[in-house]
Structure formats: structure tokens, C-alpha cells
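Input: a single structure, listed below in C-alpha cells.
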Amino acid sequence: MKFNKAIKNIFIVLFSTLLISACSTAKKAAVDTTDDVYTGTETVKYLAKGVPDRVFFATNKSKLTTASRDTLRKQATWLRKNKDITITIEGHADERGTREYNLALGERRANSAKDYLMTYGVSGKRIAVISYGKERPINPASSPLAWSQNRRSVTVKAN
Amino acid sequence: MRKILLTLSLLLFFYNNAYGLITVDITRGNLDPLPIAVSPLHVDPKSEKISQLETEKLGEEISKIVERNFKSTGLFNPLKKDAFVQKPDIAHLKPRFEDWRLIKAQALVTGKLLIKDKKLKVEFRLWDLTAAKEMVALSFTTTPNNWRRVAHIISDKIYERLTGESGYFDTRIAYVSETGPKNQRIKKLAIMDQDGFNTKYLTLGNELVLTPRFNTTNQLVTYLSYFKNMPRVYLLDIETGIQEVVGNFPGMTFAPRFSPDGKKIIMSFAKDGNSDIYSMDLETRLVEQITKHPSIDTSPSYSPDGKYITFNSDRSGLQQIYVMRSDGTQVKRITHGAGLYGTPVWSPRGDLIAFTKVRKGRFYIGVMRSDGSGERLLTENFYQEAPSWSPNGRVLIFYRETKSDSKGKGFSAKLWSIDITGYNERRLKTETDASDPSWSSLLSK
């Protein structure tokens with residue numbers, strides 16, 4: 001019986017350590033990426049107060065996440081208020097894909113952002129797009145975090 | 001470019017195999033490279049002095065280039081010169097076969113050269129030491145500054161005679177030269193001889209340039225330039241340096257390649273988030289849309305007869321390789337294996353398509369038949385892509401990148417080659433980091 005209890009204790013200790021470590025990894029992941037999409041703010045710049053300049057994408061994808069749509073709505077509001085501003089949307093990919101496909105992918109990502117701005121009342125005439133493929137990484141590291149920060153489209157003032 | 005006059009005093013012995021002359025089997029790996037002795041070419045003492053050229057060393061230098069070319073194939077084992085038993089001029093007249101056999105050579109290359117009236121006259125012979133026979137005798141005349149090309153042409157002729165396939169030494173590589181930190185890379189178009197010599201930079205690095213590709217006559221290169229921040233396909237004449245935009249597209253054009261007859265450029269045009277494949281006739285300027293699909297269609301490459309196009313598309317959801325007729329009909333997916341596929345390039349022989357495969361975070365260069373069967377992965381690495389064929393369809397050149405640390409340090413991009421047998425992987429020397437190689441066809445045909 002005593003022996004059993006000892007085992008039980010060890011088990012509890014073990015279990016709680018596992019639980020803690022599980023919590024800590026979950027917490028870390030929550031800061032940086034969700035479902036392969038970067039959710040942090042480390043590389044983000046601001047077009048105006050509270051208006052982030054970029055959105056992030058999952059590997060090989062150009063679909064906008066809820067957070068991305070939120071960012072783009074803020075950009076649209078800002079652009080509607082500042083009617084003389086024109087922008088260029090730069091589409092980028094990470095280094096883990098072939099160069100030519102990534103050029104196409106960057107173009108597709110920039111256009112998803114453009115399309116969303118247009119549905120929120122920004123004229124397409126004010127928006128230019130350019131794809132840099134994987135040619136202009138913001139984070140030069142070869143790590144999943146860097147790759148997630150590099151899969152992005154960035155809205156840049158053009159005038 | 002084709003200034004070399006091949007004065008063909010050609011004495012090829014076509015009745016070869018009946019006599020059991022040596023041959024090199026290149027369809028296998030390099031299990032048993034052929035021992036070959038390349039004697040320095042004898043320099044005629046009456047040769048004129050040419051400025052900036054050490055005439056008396058020219059024969060030795062040419063033989064060294066031939067040796068390096070042979071060694072790089074993995075099919076030949078050039079023997080050390082200090083064991084050579086006969087003086088170059090005497091060996092060239094008629095070698096003492098038994099003496100050369102003693103140093104275990106099976107083939108011998110001899111030659112002589114003379115510079116007279118500002119012309120370089122070169123003569124060489126290939127000897128089968130086992131059968132005690134001359135296999136090739138050839139002489140040609142050119143300008144002395146072409147001496148490196150002389151060495152490459154000699155290499156090609158010997159390779160051709162011993163393997164039964166055309167060579168690939170008198171060729172050039174166009175590529176993108178890379179310098180600077182990874183997030184501020186400076187890229188220039190560059191061109192060099194196949195062995196890494198005579199590097200020339202064709203752009204200054206003021207704008208981003210990518211993916212140069214030769215036309216069949218090696219006079220033109222088509223590539224992507226971000227000139228004025230407008231990514232467009234350009235055409236560059238290597239001799240004159242004249243550049244022009246290809247077509248007048250209202251958006252990004254990229255992934256260019258020439259048609260086998262050199263009359264068209266095929267490329268991707270991206271608009272509103274969709275990339276399709278277009279071709280443009282360089283003479284009539286007529287543009288033709290070849291694919292029409294809401295997915296990404298890119299990296300097109302013609303079959304050597306011009307009847308088909310292989311390309312990369314993600315219409316199935318993920319990057320895969322497709323083949324269609326060159327008018328865009330009869331589209332067929334040819335890759336079905338696990339993983340992503342990109343950068344299909346049709347072999348100049350027409351039998352194979354080379355590709356890049358991505359699987360479980362690793363990158364492979366491979367080949368398969370044009371119906372997608374018989375896939376063979378030749379090399380695996382952290383990152384590599386963009387194979388380009390040697391003109392004889394036996395070797396692939398591609399680029400490979402290394403992993404970088406959190407500061408971007410440790411990153412490099414280099415050119416590598418591998419035989420389609422999967423053997424003989426080797427790095428090509430370049431002055432700077434390099435990517436996006438394109439192998440020319442033979443300069444002298």
C-alpha cells in the first residue's frame with residue numbers, strides 16, 4: 001500500500017510537470033503564431049496610430065485571417081479619411097518555396113489585401129501591387145518564426 | 001561568338017567497335033573512371049610572342065584545362081603528369097604504346113600548337129593505348145585569345161569519341177551573382193565559362209534581377225528585372241548589351257524561357273492575383289494566352305520539338321507539374337507523389353523532365369519521364385531548386401542555399417551539378433554567391 005502511494009505521488013508530480021510544460025509551450029505558441037500564421041507585432045509598423053501596415057499568411061496560402069481582415073479594415077478607414085494618399089501593397093513569401101512560384105504567390109497575397117480594401121470602399125486606382133516573392137525577407141533567419149514573419153503583405157504609402 | 005574556324009582535318013575512325021576500341025559507358029555511375037593521360041601540347045619554338053599570353057606555357061595550360069574538364073565528368077581519371085614517359089612532341093608523332101600502358105593509361109591525348117601571323121594553330125590526337133591506334137586527329141585555327149575555348153573544344157571532341165554522346169565543355173553558364181546580407185541582397189546577371197572562368201557581369205546591381213535563360217544560339221538571355229520597380233521579362237543581347245522589355249503587359253511578367261526555335265518567349269503574366277502562361281512571338285510581337293485558370297500557372301518549359309509545354313500549377317490545391325500541348329489544350333497532371341513539385345524543365349533530349357520536389361521540409365532535385373513515370377530523386381538538401389540541363393542532357397546544374405542563424409549569418413547560395421545517374425555531385429566555382437543557373441548549348445556546333 002505504501003509503495004502504491006509512493007507511485008501515486010510520483011505520478012502526480014510527473015503529471016503536474018507535464019501540465020506545466022504543456023502550458024508553457026502553448027503560451028509561447030500563442031504569442032507568435034496561430035495555425036501557421038504570425039500573430040505577433042515584432043516586425044509590424046504603423047501607417048497611423050492604431051493602423052498596422054501588414055498582414056500575415058499561412059504557408060502557401062493567400063487567405064486572409066480574421067486578424068488580417070481586422071487590420072485591413074483599419075487601413076481602409078484610414079485611407080477613406082486620407083483621400084489623397086495612394087499606396088503600394090507588397091506581397092512576400094518565405095524562403096521555403098521555389099522562386100517562380102513564390103513570385104506568383106506574393107502577387108496573389110498582395111491582391112487578397114487589395115481586394116479586401118476595395119470591398120471596404122478604397123478605390124482600386126489608389127492601390128498598386130508588387131510581388132517580391134522571397135527576395136525581401138524582413139527576418140533573415142531560417143526558422144519557422146522568421147518564415148511566418150516573412151509570409152506577409154505590407155501596405156506602403158506611395159506618395 | 002562563332003569565330004572559331006574548325007578546319008576539319010578530321011580523321012575519325014568510324015569502323016570503331018569491331019576493333020574493340022575503348023569506350024566509356026555514361027549510362028552507369030562512375031564506378032570505373034577511364035585512366036587517361038593528357039600530355040602537354042608541344043609549343044612550336046617558332047611561335048610568335050603575344051602580349052599578355054605566356055606562349056611557352058600555353059601547351060601545358062591547355063592540357064590542364066582538358067584534364068579538369070575530364071575529371072569533372074567523373075567518367076575519366078586523368079593521370080599525374082610526373083609519371084609521363086615521353087616528350088610531348090615525340091608522343092604526338094607516334095607514342096610508344098607499351099610505355100604509356102606501363103603507367104596504366106588506357107587513352108592518351110597529345111597535341112602541338114603554333115602561333116603564326118597572330119593565329120593560333122592547334123592540332124591534337126587521341127590514342128587508344130590498348131589497341132595501339134589513333135582514334136581522333138583534328139586541327140583548327142583561331143585567334144590566340146580563344147585558347148581556353150580551344151581546350152574546351154578538344155575536351156568535347158574526345159568526350160564525344162569516347163562516350164558516343166556530344167560534349168558540354170565549350171559552353172557557358174548564365175546565372176545571378178549574389179552579394180550582401182540576406183535581407184539586402186544585391187543581384188547581378190553574370191555569365192561565365194562552364195569551368196568558372198571568364199566571368200562577366202551583365203548588369204550593375206542597381207535593380208533586382210532573376211532567372212536568366214539562354215536562347216538556343218546563346219546570343220540572347222531572357223530574364224526578370226525589377227527596373228523602375230516594375231517586375232517585367234526582359235531580353236538582353238549579350239554581345240551588344242542592348243536590353244528591352246518583352247511585350248507590354250499591364251502587370252508582372254516572370255518565369256521566362258525561349259521556345260526551342262528561339263522565336264518565342266513563354267512566361268507567366270500575373271494580374272489581379274492570378275498567374276497564367278503566355279507566349280510572345282519576338283518577330284511579330286503577337287501575344288498568345290496559353291493557360292486560363294484561376295490558379296497559379298508558372299515555370300513553363302517547352303519540349304525540344306516545341307509541341308508540348310510542361311509547367312507548374314497549384315490548380316489541384318498544391319504545387320504540381322503538368323504537361324499540355326503548346327496551344328494550351330490537353331492539360332494533364334503528371335506528378336502524383338507525396339510532396340510538392342516545381343520548376344519542371346524539359347531535357348534537350350526530350351526523354352526526361354527535371355524538377356524540384358519539396359517533401360517534409362526537404363528539397364530534392366529529380367528527373368522523371370515526360371508522362372510522370374520513373375521518378376528518380378538525385379539529391380536531397382535543406383534548400384535547392386532550379387535545375388538546368390547540360391546540352392547533352394546528361395548533367396543538371398542547380399543552386400543550393402544554406403540555413404542561416406537568427407541574424408541571417410551562415411547563409412550562402414552556390415551552384416552545384418549532378419549527373420542524371422545520381423553520381424558525381426560537385427560544386428561549381430563562382431566569384432560570388434550564385435543562383436538561377438542556365439546552361440547554354442554548345443558554342444561551336
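No lab work stands behind these numbers, since they all come straight from the coordinates. No experiment lies behind these values; they were computed from the predicted model shown. Here the Cβ positions follow ideal geometry from the backbone for every residue, glycine too, while neighbour counts run over all protein chains shown.
For region B:287-387, which trypsin sites (Lys or Arg not before Pro) are in a loop by DSSP, counting at most 10 other Cβ atoms within 10 Å?
B:Lys292, B:Lys360
If you place +1 on the Cβ of every Lys and Arg and -1 on the Cβ of every Asp and Glu, how big does the dipole about the Cα centre of region A:28-81 come out, in debye to the nearest 20?
380
Restricting things to alpha carbons, find the Rg to Rh ratio for chain B using the Kirkwood radius for Rh.
Rounded to two decimals, Rg/Rh equals 1.00.
For the protein assembly as shown, what is the Kirkwood estimate of the hydrodynamic radius, computed as the reciprocal of the mean inverse distance between distinct Cα atoms, to one decimal in Å?
This gives a value of 26.9 Å.
Taking the Cβ of B:Ala270 as the centre, find all other residues whose Cβ is under 13 Å away and add up their charges (Lys, Arg: +1; Asp, Glu: -1).
0
Hey, what number do you get for the protein assembly as shown at 222 nm if only DSSP H runs of n ≥ 4 count, each worth -39500 (n - 2.57), divided across all residues, to the nearest 500?
Helices in the protein assembly as shown give a 222 nm mean residue ellipticity of -6500 deg cm²/dmol.
At 7 Å along Cα-to-Cβ for each site, give me the label-to-label distance between B:Asp405 and B:Gln219 in nm.
About 5.1 nm separates the two model spin labels.
Any chance you could check the Cα centroid distance between region B:104-156 and region A:41-106 for me, in angstrom?
A separation of 61 Å, based on Cα centres.
Can you list residues from other chains, or at least 5 along the same chain, whose modelled amide H is less than 5 Å from the amide H of B:Glu385?
Result for B:Glu385 returns B:Tyr399.
Please compute the average number of Cβ atoms from other chains found within 10 Å of each residue's Cβ in peptide A:88-99.
Averaged over the peptide's residues, the number is 5.
How much length is gained if the chain between B:Ser51 and B:Thr179 is pulled fully straight, taking 0.36 nm per residue apart and subtracting their Cα-Cα distance, in nm to one decimal?
Going from the current span to full extension adds 42.7 nm.
What length, rounded to one decimal in nm, is gained on full extension from A:Glu42 through to A:Thr66, with 0.36 nm per residue of separation minus their alpha-carbon distance?
6.7 nm
Can you figure out the FRET efficiency of B:Arg101 with B:Glu165, using R₀ = 30 Å and their beta-carbon distance, to the nearest 0.05?
According to the calculation, E is roughly 0.70.
For B:Lys228, give me every one of the aspartates and glutamates with a C-alpha distance below 14 angstrom, ignoring sequence neighbours fewer than eight places off in its own chain.
B:Glu207, B:Glu244
Suppose the chain between B:Asp327 and B:Asp89 were pulled fully straight at 0.36 nm per residue; how much longer would it get relative to their current alpha carbon spacing?
Once the chain is fully extended between B:Asp327 and B:Asp89, it gains 79.8 nm.
Normalised by the number of residues in chain B, what is the relative contact order in percent for Cα pairs under 8 Å and 6+ residues apart?
Relative contact order here is 11 percent.
Enter the mean number of other protein chain beta carbons within 10 Å of the beta carbon of each residue in A:126-137, as an integer.
Across A:126-137, the average partner-chain Cβ count within 10 Å equals 4.
Give the angle, between 0 and 90 degrees and rounded to the nearest 10, that separates the Cα long axis of helix B:147-163 from the longest principal axis of the Cα atoms of chain B.
90
From Cα pairs below 8 angstrom and at least 6 apart in sequence, can you work out the relative contact order of region B:335-430, rounded to a whole percent?
Averaging sequence separation for qualifying contacts and normalising by length gives 18 percent for region B:335-430.
Counting other C-beta atoms within 10 Å, and keeping those with at most 16, which DSSP coil trypsin sites (Lys or Arg not before Pro) do you find in region A:71-159?
Within region A:71-159, the qualifying trypsin sites (Lys or Arg not before Pro) (loop, at most 16 other Cβ atoms within 10 Å) are A:Lys83.
Residues in region B:120-155, backbone N under 19 Å from the label point at B:Lys200 (7 Å along the Cα-to-beta-carbon vector): list them, ranges by number please.
Under cut-off, by backbone N: B:142-153.
To the nearest whole number, what is the average tally of beta carbon atoms from other chains within 10 Å of the beta carbons of peptide A:108-115?
Going residue by residue through A:108-115 and averaging, the value is 3.
Lys/Arg Cβ at +1, Asp/Glu Cβ at -1, dipole of region A:35-157 taken about the Cα centre: which of A:Ala93, A:Phe57, A:Gln75 is farthest positive-ward?
My answer, from the dipole projection, is A:Gln75.
Show me B:231-243, B:377-389 ranked by packing, highest mean number of other Cβ atoms within 10 Å first.
Result, highest mean Cβ count within 10 Å first: B:377-389, B:231-243.
What's the tally of Lys pairs in region B:265-416 whose alpha-carbon atoms lie under 22 angstrom apart, where the two lysines are 8 or more places apart or on different chains?
Summing the qualifying lysine pairs gives 9.
Local charge sum around B:Glu54 (other residues, Cβ-Cβ under 10 Å, Lys/Arg +1, Asp/Glu -1)?
-1
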